[in-house]
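The values are calculated or read from the model by the stated rules, or taken from the named source; none is laboratory data. Note that the structure is predicted; figures quoted are calculated from it, not measured. For neighbour counting, all protein chains shown are included, and Cβ atoms are generated from backbone atoms with ideal geometry for every residue, glycine included.
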Amino acid sequence: MQGLKIIVCAKQVPDPEAPTSELEVDNIQMKVITRGLPPVINPLDEAALEAALQLTEIHGGKITVLSVGDELSAPVLRKTLAAGANELVLVQDECFKDLNEYSIAFVLSKAIQKIGEYDLILTGREGADWHSGQVGLILAELLGIPAVSLAKRIEVSDGEVTITRIASNGLEVVKTALPALITVTSEFGELRYVSLGALKSARTKPIIFWSAKDINVDPTILKKRKIISLFKPMRDRKCTIIRGETPEEISKNLVNELLKVLKTFYPGRYGE
Amino acid sequence: MKEVLVLIEVDDETGNISSASLELLEIGRRLSYETGNTLSAVIVGYNLQELSAEVAKYASKVYIIDNPALNEFNPEAYAHVLEKICKQISPSHVLLSHTYKGADIAPRLAAKLKVPLTTDCIELGVNKETGLLERKKQVFGGNVIATLICEGEPQLVTVRPKTSSRIKETLITPGEIIHLNFEIDRSCFRIKLLERIAEEVIRLEDADVIIAGGRGLGGPEGFKELEKLKDVLSKVFKMVEVGASRPPVDKGWIPSTRQIGISGKKVSPILYIAVGISGATQHIVGMEGSRIIVAINSDPKAPIFSVSDIGVLADYREVLPSIIKELEGLLCKD
């Protein structure tokens, strides 16, 4: 085998680690407003890229990162090239705005057909925005290849891939033939550190831009996500801060306060 | 009459209907009542006689897909047989639990049926005008609650466990048990199970007290300190467990089975003690249902304090030993 051809599907999402005060909802337009949140690569898709990098370090090959959206940021997604991906394909079109999961998977499948041959498709288990966990598994169905979810370890040998995955009561080790699709969970580990120098030199690497037309997608068959209500839940409790001069004093006051609260909620059950 | 179809999962430990499935049956019962449809259930696996009789207490029709080839859980084969049953009975709704199994089957089934799917719903309603399911779910790390609607039939969702009570109402006459002898396509067995590595089963969801550690613990040793607190509290409370937010799991300090939050477990103990947890929304979503929340954190700006009842503004290394001592003193007096 002449190295592995790996496609990593990566989604651009509003930074899930950014202050949540920047997140707003528009209840008339039915939109989540993320203007104040910087776009980043979905962290779990970054983990999928790390998996791809580790595999090509062993087996050689080529990594193509594929992203679909209506407003993609090339500088943000270029990080994947800086980390070691060989090719970045951005499929961008106004008609990809707010698509539902099935339609996104469909667009990805059309882009993958255009990319051509592959051994593995890797992606994160879910997006940090809508937490759907659907696109990878639907994509595999559309492509007619086996899919394994929640991988924490991936090994390839002799045209087969062995995956250690998270299951109900522990781990499962499963095996399937290539080509296959694998969704990666956070236990895989984070993407390697990308230095400023690498980011700079990745600036000259070319990016491939495609539109819906380029991959033969008819916009009229795409379906959008329909939202009928949005709100930011309030979560505020009245917090009593425990004071004290020494750790001992703090501890004494804490235990007393705790007993007080337990007695209010569960009279006669605790703290007698 | 159209059917609301519920996928029944088996509790691996007891062999009975899983508690998530009993909750799903209750949701299905309510939906079938609101839409004027029948409640049906489907069980996939092997040796399902006893289980089907149990399910028939609640559902008017119980479809059994009993096949030795389905003895081991296999999401490809499960999605395949569910597709077949959907094509045969054309249900109005198909409900799965958002468990490891349900979450692995549902997107495959959605692709096969070409219908939209909403995963991890926390509440379902019926739209009065359209009859479509209103699907409420937490998005953007739990910072936003969205209600979605989707066209198409069946209306397909996965539902988060512990968001409903379990079904209690039994039928006067048990439901009809229908055996379906589907041929299972060989293409469903492309993935081979080589090994199952069992990990200690931790039922964080059932704990009375949870002591959870975060990034602020500084390393795996921090969890040893939490274990000491657990030992003391175990003298008073029935079930005390140690949990974690996401960073310690990502860093490999503690296994993911103890993770609490949007991508981990959702818990609601009597007492939740958050140690060195800053309180990212994705963690809060998993523990905000706790009765009493205590936060120990040295950062006065940590958002965890705004969801806590009691706060201790200190480095846990300084206060935890004396808290343990204080509790020991108190408990030994009795």
Do we find that residue B:144 is more than 21 Å from the chain's Cα centre (by Cα), within 13 Å of chain A (Cβ to nearest Cβ) and on the phi < 0 side of the Ramachandran plot in this structure?
no
In the stretch B:1-33, what count of residues is obtained for those that are surrounded by fewer than 17 Cβ atoms within 10 Å (Cβ to Cβ) and not aromatic (Phe, Trp, Tyr)?
7
Looking at the stretch B:288-297, can you tell me whether even one residue there is part of a helix (DSSP H, G or I) and either within 14 Å of residue A:242 (Cα to Cα) or in contact with a Ser or Thr (Cβ under 8 Å, 6 or more places away or on another chain) (or both)?
no
Quick check: anything in the stretch A:168-178 crowded, with 17+ Cβ neighbours inside 10 Å and in contact with a Gly (Cβ under 9 Å, 6 or more places away or on another chain)?
yes
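Listed here are the residues, each with its yes/no results for (1) on the phi > 0 side of the Ramachandran plot; (2) surrounded by fewer than 20 Cβ atoms within 10 Å (Cβ to Cβ); (3) modelled with pLDDT under 95.
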{"site": "A:3", "(1), (2), (3)": "yes, yes, yes"}
{"site": "A:8", "(1), (2), (3)": "no, no, no"}
{"site": "A:16", "(1), (2), (3)": "no, no, yes"}
{"site": "A:24", "(1), (2), (3)": "no, yes, yes"}
{"site": "A:48", "(1), (2), (3)": "no, no, no"}
{"site": "A:52", "(1), (2), (3)": "no, no, no"}
{"site": "A:59", "(1), (2), (3)": "no, yes, no"}
{"site": "A:68", "(1), (2), (3)": "no, no, no"}
Subset of the stretch B:282-309 that is within 25 Å of the chain's Cα centre (by Cα) and among the β-branched types (Val, Ile, Thr) - its residue that is farthest from residue A:43 (Cα to Cα):
B:292
Residue B:198 versus (1) within 11 Å of chain A (Cβ to nearest Cβ); (2) modelled with pLDDT under 95; (3) touching a helix residue (DSSP H, G or I) at 6+ places or on another chain (Cβ under 8 Å): which is the lone unmet condition?
(3)
Residues being part of a loop (DSSP other than H, G, I, E, B) and either more than 29 Å from residue B:331 (Cα to Cα) or of a type outside the set (S, T, N, Q) (or both): count how many of those fall in the stretch B:260-275.
8
Identify the single condition in (1) of a type in the set (Gly, Ala, Ser); (2) more than 8 Å from chain A (Cβ to nearest Cβ); (3) part of a helix (DSSP H, G or I); (4) crowded, with 20+ Cβ neighbours inside 10 Å that residue B:69 does not satisfy, given that it satisfies every other one.
(4)
Given the structure, is residue A:184 assigned by TED's automatic domain parsing to the domain that holds residue A:20 and modelled with pLDDT of 90 or more?
yes
Which members of the stretch B:210-259 meet the condition of being outside any helix (DSSP H, G or I), of a type in the set (A, V, I, L, M, F, W, C) and in contact with a helix residue (DSSP H, G or I) (Cβ under 8 Å, 6 or more places away or on another chain)?
B:210, B:211, B:212, B:236, B:239, B:240, B:242, B:244, B:253, B:254
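A quick yes/no check of all residues on (1) away from every other protein chain (no Cβ under 14 Å); (2) surrounded by fewer than 20 Cβ atoms within 10 Å (Cβ to Cβ); (3) in a loop (DSSP other than H, G, I, E, B); (4) not hydrophobic (A, V, I, L, M, F, W, C):
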position	(1), (2), (3), (4)
B:156	no, no, no, no
B:174	yes, yes, yes, yes
B:177	yes, yes, no, no
B:183	yes, yes, yes, yes
B:202	no, yes, yes, no
Which listed residue, of B:252, B:219, B:276, B:243, is more than 25 Å from residue B:306 (Cβ to Cβ) and more than 13 Å from every other protein chain (Cβ to nearest Cβ):
B:219
Do the conditions hold for residue A:229, that is, is it not assigned by TED's automatic domain parsing to the domain that holds residue A:135 and not in a strand (DSSP E or B)?
no
Restricting the search to the stretch B:302-329, which residues are buried (at least 17 other Cβ atoms within 10 Å of the Cβ), more than 8 Å from every other protein chain (Cβ to nearest Cβ) and not in a helix (DSSP H, G or I)?
B:302
Scan of the stretch B:288-301 for residues that are buried (at least 18 other Cβ atoms within 10 Å of the Cβ) and either modelled with pLDDT under 95 or facing chain A (nearest Cβ under 8 Å) (or both), ordered by number:
B:288, B:290, B:292, B:293, B:294, B:295
Right, residue A:83: within 14 Å of chain B (Cβ to nearest Cβ) and either under 22 Å from residue A:43 (Cβ atoms) or of a type in the set (A, V, I, L, M, F, W, C) (or both) or not?
no
The stretch A:26-37 - residue that is crowded, with 16+ Cβ neighbours inside 10 Å and on the phi < 0 side of the Ramachandran plot and, of those, nearest to the other protein chains (Cβ to nearest Cβ):
A:32
Count - residues of the stretch A:15-54 that are within 19 Å of the chain's Cα centre (by Cα) and in a helix (DSSP H, G or I):
13
Can you name every residue in the stretch A:134-191 that is facing chain B (nearest Cβ under 7 Å), touching a residue at least 24 places away in the same chain (Cβ under 8 Å) and in a loop (DSSP other than H, G, I, E, B)?
A:134, A:146, A:190
